[in-house]
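All remarks here apply to the structure that follows.
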Amino acid sequence: MKRFKPTTPGRRGMTSVPYKGTLTTSTPHKSLTRGRKRNVGRNNQGRITTPHKGSGHKRLYREIDFLYDKINIPAKFETIEYDPNRSSYIALALYADGERRYVIAPKGVSVGDKFIVNAEASLNIGNRMMLRNIPVGTFVYNVEAKSKGGAKLGRSAGNYIQVSAHDGGMATLRMPSSETRKVPDTCFACIGEVSNPDWKLTNLGKAGRNRWRGVRPTVRGSAMNPVDHPHGGGEGRQGIGLRRGPKTRHGKLAYGVKTRRPKKYSNTLILARRKTKRNPQ
């Protein structure tokens, strides 16, 4: 991590990921970029549906290939780049037929390294292959949840998913959250881990740096009036009263409450829920 001298209060304790020596260019490939309107927590009516979002620096969107539909065509990593829209690095892949696409960069690759998308590819970092051909214990990322559905699991910085078992046409995966679930073994996955594992160790240092990222201030419910929040009101500091646990601004239970639908289609695929403070088992 890059640490800064405490020249100002905001710099004291501030850290950032060192990009020098890792990124190879600062200019994105123009044909793979486009503008994008950020919803900043609003729905199609303009109403706030997710609080604490807004403003932030303007971003140029890079079109990332999560489908990986160029089968059996060798490719190489041409650049390693920064993407403001995600926590991991991205890589510009040059395929043998001349086409270029952005992909999530795996940890440990450098410019010139090659990869291929093939059901029975070798176990090299960056290669993409079917889960049925990946040995138990292997770390993978960019995993499909259903066949030919595109990468949905294991895409954030430093994440990896471990293949735990193969049985009856299904592959058992241990997720980064400690959840254990099954997916069809015809799904594809990339070998390795996602790049930029130090991202989660970043210390922002000051509130302004969070505002650049589009995160607005969060106000405690106990600091509000009763009309604004169930926790509001009272003289001095008050508890939440006789309520059954802490509530959201709209009166729903918060913190550790299960929000998954009881009849969700994928419930049967989850073998063990993720470990939390309320569910340590």
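What follows draws every value from the coordinates through simple rules; no lab data is involved. Just so we're clear, the structure is a prediction, and the values are computed from it rather than from any experiment. Because the Cβ atoms are built from the backbone with ideal geometry, glycine has one as well, and the counts that use them run over all protein chains shown.
At 0.36 nm per residue, minus the direct Cα-Cα distance, what do residue 203 and residue 5 gain on full extension? Give it in nm, one decimal, please.
Using 0.36 nm per residue and subtracting the Cα-Cα distance, I get 69.9 nm.
By the gyration tensor of its Cα atoms, with a ≥ b ≥ c the square roots of the eigenvalues, what is the shape of segment 180-281: rounded for a/c under 1.5, prolate for a/b over b/c, or oblate?
oblate
Per residue, what volume in Å³ does the Cα convex hull of the chain take up?
Dividing the Cα hull volume of the chain by its residue count gives 185 Å³.
Among all the aspartates and glutamates, which ones have a C-alpha under 18 Å from residue 70's C-alpha, if same-chain residues fewer than 8 places away are not counted?
Within the straight-line cut-off, residue 70 pairs with 78, 97, 99, 113, 120, 144.
Check each of the trypsin sites (Lys or Arg not before Pro) in segment 23-104 and keep only those in coil by DSSP with at most 15 other C-beta atoms within 10 angstrom; list them in order.
Here the sparse-neighbourhood loop sites are 36, 37, 38, 47, 58, 59.
Using helices alone, I'd like the mean residue ellipticity at 222 nm for the chain: each DSSP H run of four-plus residues gives -39500 (n - 2.57), total over residue count, nearest 500.
That comes out to -500 deg cm²/dmol.
Could I have the simple spin-label model distance between residue 210 and residue 124, label points 7 Å from Cα toward Cβ, reported in nm to one decimal?
Here the answer is 4.4 nm between the modelled labels.
Can you classify segment 86-125 as rounded, prolate or oblate using the Cα gyration tensor, where a ≥ b ≥ c are the square roots of its eigenvalues, rounded means a/c under 1.5, and otherwise it's prolate if a/b beats b/c and oblate if not?
Since a/c reaches 1.5 but b/c is at least a/b, the shape of segment 86-125 is classed as oblate.
Amide H neighbours of residue 214 under 5 Å, counting only residues 5+ apart in sequence or on other chains, H built in-plane at 1.01 Å?
Amide H neighbours of residue 214: 56, 57.
Which entries of 107/275; 53/200; 107/258 have Cα-Cα distances beyond 30 Å here?
Listed pairs above 30 Å: 107/258.
Between residue 48 and residue 152, what FRET efficiency comes out of the Förster formula 1/(1 + (r/R0)^6) with R0 = 35 Å and r the beta carbon distance, rounded to 0.05?
That pair, residue 152 with residue 48, gives E of 0.80.
What relative contact order, as a whole-number percentage, does the chain give when Cα pairs under 8 Å and 6 or more residues apart are counted?
16
How would you classify segment 54-184 from its alpha-carbon gyration tensor, with a ≥ b ≥ c the square roots of the eigenvalues: rounded for a/c under 1.5, else prolate if a/b is greater than b/c, otherwise oblate?
Taking the square roots of the gyration eigenvalues as a ≥ b ≥ c, segment 54-184 is oblate.
Report the net charge of residues surrounding residue 5, where surrounding means a beta-carbon distance below 14 angstrom and charges are Lys +1, Arg +1, Asp -1, Glu -1.
Charge balance in the 14 Å sphere: +4.
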